[in-house]
Amino acid sequence: HERDPGWQALRSNPALVGPLLQAARMGRHGAHHDPMALVLLDPQGRVVFANTTAPRQNLQRHGLTRNGRAIGTLLVAPAQLLDPAQQRFRQQQSRHVWLIALVAVALSALLAFPAATLLARPVRRLQEATRRLTAGEYSMRLSVSTRDELGQLAQDLNRLATTLEENERARQRWVADTAHELRTPVALLQAQVEAMQDGIRPANAATLKQLHDDILRLGRLVGDLKELTMTAPGGLRYRMQPLDLDALVGSALEEFRDRYRERGLELELVHRSSGPWDLQGDTDRLRQLLRNLLANSLAHTRGDGRVRLTLDRSPGGRDAAMLCLDVDDTEPGVADDALPRLFERLYREEASRSRDTGGAGLGLAIARNIVLAHAGSIDAVHSPLGGLGIRVRLPASTPGGRS
C-alpha cells in the first residue's frame, strides 16, 4: 500500500501520515487493539484503502490536496478497545456508578449529622446565654471547655455578664445611697416643721435659721448630684483651650486662703520643677477640681494642721508628657481598705472623716470625673504628712499646643 498513488499523495500532508501508517501497521501485526478505522478515497470517491466497514457518515472527513489540487479524501474514526476484560470493567463501572454515588451520599450524611450536632450544641448554648443576658440574668456564666473560637466567644460572654452584673449592683447601690442621702435631710425638715406645728418647738428666728441651714444643705446635695452627672465623661461637653495649671492653682489657693486661716490650717504651694505648666483643659471644670480637692482637705484636716500642694512634671525634663499635682494634708489619715473607695459616689469613711465634718461624699467622685474627662488619672494614697494624699496626673501640652 505504501507504493500506492494514494499513499504517495498522503505524504504531502505530514500531520496525517504518521497516524495512518501506525494504524495500518497495527492492523497487519494483529495487535490486541482495533486499528484506527481508515477509509481512503480517490478524487472520484472510489475506495483506495479501507480497514473498516463502519458507515461513512460516522467517520470524520479530511480533504487531501497536492499542489493546490484535490487528490482524495480520508475518512477517520477513533479506535475502540477490544480487550474483553477492559470492556467488562467499563460496563461494570457504568452499571455501578449510581450505586457508588448513593453510597457516598449516605456515608456523607451519616458523618455530617453527628458533626452538625456537635457544632450546633455550643452555638445553642451561646444563644441561650445571650437570651438570659438580655432578660437581665447577669449572674449567668458559661462553662468553657475548648480554646477554639467558640470557647473564646464563651469567655467574652462571661466577661460581659460580669461587667453587667457589677454595673447593675453599682446602679442599685447608687440609687439606694442617693435615696438615703435625700431621705435624711427631708426627714429632719419634716420633724422640725411638725414640732413647730404641734407647739413643741417655737417658730422663732433660731428655729427658722436651722431650717434654712437644712434647706441649704439639701440644696447643696442636689447640686452635687447634678454636678456628678454633668461632669461624667460624655455627660457634658468640655470646652478645651490652652491653660496654665500654675495660674489655676494659684487662683484657687487665694480663694481658700482665708478659710484655711480661720481653721488654723497652713496652706502652701511647692514647685518641684520650673514648668512650663501648659495643658489643654476646661477652665471651669479644672477650677471645680481644685475647689473640691481643697474643700476636702479643709473639711477633714484637724486644726493646726497643714495642706501642701505640689506641682511637678513627670520625669524626663521639659518635654515630659504629664503634669503632676499632689495634694497632701496632715492627720487624720485614711484606712488602707478605704483608699480605693474614696472616689466612689456617696462614699465616706466613717471612722475619721465622718459625716459631721464631711459632705455628701460626692466631691472626690466629681473630681475623678473631671480628671478622666481630661485624659488624666487620679489616685488616693497615704500622705507623707500623715493624712490623705491625692495624686492628679494631667497630659501636658506639646510644643505645638496640643496635649
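The values are calculated or read from the model by the stated rules, or taken from the named source; none is laboratory data. Note that the structure is a prediction, hence the values are computed from the model and not measured. No Cβ is skipped: glycine too gets one built from the backbone with ideal geometry, and neighbour counts run over all protein chains shown.
Listed here are the residues, each with its yes/no results for (1) farther than 30 Å from residue 173 by Cβ; (2) not hydrophobic (A, V, I, L, M, F, W, C).
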residue: 249; (1), (2): yes, no
residue: 252; (1), (2): yes, no
residue: 260; (1), (2): yes, yes
residue: 274; (1), (2): yes, yes
residue: 294; (1), (2): no, no
residue: 298; (1), (2): no, no
residue: 327; (1), (2): no, no
residue: 335; (1), (2): no, no
Looking across the stretch 258-284 at residues that are surrounded by 13 or more Cβ atoms within 10 Å (Cβ to Cβ) and basic (Lys, Arg), the single one that is farthest from the chain's Cα centre (by Cα) is 263
Quick one: which of 185, 202 is modelled with pLDDT of 80 or more and either surrounded by 11 or more Cβ atoms within 10 Å (Cβ to Cβ) or not in a helix (DSSP H, G or I) (or both)?
-> 202
Out of 154, 170, 191, report the one residue that is out of contact with any Asp or Glu (no Cβ under 7 Å at 6 or more places or on another chain), modelled with pLDDT of 80 or more, exposed (fewer than 15 other Cβ atoms within 10 Å of the Cβ) and aliphatic (A, V, I, L, M).
-> 191
